[in-house]
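A short write-up of the structure that comes next.
The values are calculated or read from the model by the stated rules, or taken from the named source; none is laboratory data. All values derive from a computational prediction rather than experimental measurement. Glycine also receives a Cβ, built like all others from the backbone with ideal geometry; neighbour counts cover every protein chain displayed. Side chains included, ligands, DNA and RNA excluded: accessible areas come from the protein's heavy atoms. Shrake-Rupley method; radii C 1.70, N 1.55, O 1.52, S 1.80 Å.
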Amino acid sequence: MNLRIVFLFISIIFLNNALAAKNNLNVLLINPSIENDPFWHQVEALTKKAAEDLDIKLDVIYGNGNRFIQLQVLKKYLSQNEAPDYIMLVNYPGGALNTFDFLAKYPVKIITLEQTISGKEKKSIGHPNGKFKNWVGEIFHDNKKASQLLASRLFEKAKKKGKPLIVAGISGHFGSESAIRNSGLVAVVDSYQAELKQIVYAQWSREDAYTKTFKLLKRYPNISILWCASDEMALGAINAIKRMGLKPGKDIFVGGFDWIKEGINSIKKNEMTASVGGHFMMGAWGLLAIYDKEFGIDRLKKGNESTFELELIESDNIAAYSALFNQKFLMEVDFKRLSLFHSPTQTSSSFKLTDILKVNTTDTTKKTNTN
């Protein structure tokens, strides 16, 4: 009996020392956009909440939508601060190799968010734990699958209303992310034997999408579907459709990505048909992977990569996801309970939005029963 008490005492001391060591973790998040970008602001807010729950010191810097500025800002940060334990970043096409070469000089571990690099550039950097040993993992979503999900729903809505399946796409920029999303649209066009008129690029800008939509509808007045690579661009397209005297959600079906607040409100008003999202959690998922990794639990799959699925919201199912658009609800999520180290009964190492809903639902139930 005494030996058991001694063993328990030693175990508690070991655990407390381990937790203290992990609590000193420093992580730098490089937000690739500007400070007030609607989507990335949400990513940043939830990453900060996860850092708070996991006792991780988090710093944030901004890439301002440019690979040269992002690397410049990173160099400035590391010249003025001690190197963090981890850096989480989104690689800009054309800038990945320079970034990795630069970071190879520092004792930092790198987690990349999203798969944004392809072709020759992808070959030049390889995969996590390959050429660059400090690149320890990548967390991303399947953009092609998400794009197919969105396009299929838009086509089904148009078919149900007896509309011809004539579609145009409004994509982001000439990069891997846009190209992969575009490929998902093209695949669904072929499977539905629809007619794809054109895919244009609007640089992720609402204003640019507004202008491009005007031109598309004048060039192809029989378009019934506008597939957009972001909610920002979808909202710009909707404004243009309305300006031309047409009704979004009736005359033309519009969909996007990201689940930004205005996009969700547009779905509630039956103007935007659907939006694919859930990747606002990617920074928080990254911190959970880092936290568990420090305790010897690797959430990344073979190849040190982990995918998570995006989900589609439309007017028919929006109520089921409503809690995820409530900032108060999200700020009450206990990310420590989503850690495999603190919740060893979890059977899956993957990242799921439903886990967030389960955690908070359980907490709410407990509070209700206590009161």
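Given the criteria touching a residue at least 40 places away in the same chain (Cβ under 8 Å) and either surrounded by 21 or more Cβ atoms within 10 Å (Cβ to Cβ) or among the aliphatic types (A, V, I, L, M) (or both), does Thr99 qualify?
Values: touching a residue at least 40 places away in the same chain (Cβ under 8 Å): no; either surrounded by 21 or more Cβ atoms within 10 Å (Cβ to Cβ) or among the aliphatic types (A, V, I, L, M) (or both): yes.
No.
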Residue check, Val73 modelled with pLDDT of 95 or more and assigned to a helix (DSSP H, G or I): yes
Test: residue in segment 348-355 that is modelled with pLDDT of 90 or more, out of contact with any Phe, Trp or Tyr (no Cβ under 7 Å at 6 or more places or on another chain) and small (Gly, Ala, Ser): no
Of the criteria (1) of a type outside the set (Asp, Glu); (2) open to solvent by less than 70 Å² (accessible area, probe 1.4 Å); (3) not in a loop (DSSP other than H, G, I, E, B), which one Gly162 fails: (3)
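Across segment 126-159, which residue is farthest from Met281 (Cα to Cα) among those that are assigned to a helix (DSSP H, G or I) and open to solvent by 70 Å² or more (accessible area, probe 1.4 Å)? Let's see the steps before the verdict.
Initially, segment 126-159 is screened for residues assigned to a helix (DSSP H, G or I), giving 143-159.
Filter once more, keeping what is open to solvent by 70 Å² or more (accessible area, probe 1.4 Å): 144-145, 153, 156, 159.
Working: Lys144: 19, Lys145: 18, Arg153: 23, Glu156: 28, Lys159: 33 Å.
Residue satisfying both the conditions and the ranking: Lys159.
Residue by residue through segment 132-156, note down the ones that are of a type in the set (Lys, Arg), in contact (Cβ under 8 Å) with a residue 24 or more places away in the chain and more than 16 Å from Glu309 (Cα to Cα).
Going through segment 132-156, the residues of a type in the set (Lys, Arg) turn out to be 133, 144-145, 153.
Those left that are additionally in contact (Cβ under 8 Å) with a residue 24 or more places away in the chain: 144-145, 153.
Passing the criteria: only Arg153.
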Hits in segment 166-183 (condition: of a type in the set (S, T, N, Q), surrounded by fewer than 22 Cβ atoms within 10 Å (Cβ to Cβ) and in contact with a Lys or Arg (Cβ under 7 Å, 6 or more places away or on another chain)): Ser183
Filter pass, Ile61 being within 25 Å of Lys352 (Cβ to Cβ), modelled with pLDDT of 95 or more and within 22 Å of the chain's Cα centre (by Cα): no
Filtered residue count, segment 109-121, keeping only those that are open to solvent by less than 40 Å² (accessible area, probe 1.4 Å) and in contact (Cβ under 8 Å) with a residue 40 or more places away in the chain: 5
Residue list for segment 326-355, filter: surrounded by 12 or more Cβ atoms within 10 Å (Cβ to Cβ) and charged (D, E, K, R): Glu332, Asp334, Lys336, Arg337, Lys352, Asp355
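Which strands (runs of 3 or more DSSP E) sit wholly inside segment 184-279 and have at least 1 residues that are modelled with pLDDT of 95 or more, open to solvent by 30 Å² or more (accessible area, probe 1.4 Å) and in contact with a strand residue (DSSP E or B) (Cβ under 7 Å, 6 or more places away or on another chain)? Lay out the reasoning, then the answer.
Working: elements: 195-201, 225-228, 253-257, 272-277.
Answer list for segment 184-279: 195-201.
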Residue within segment 228-242 that is basic (Lys, Arg) and over 22 Å from the mean Cα position of the chain (by Cα) present: yes
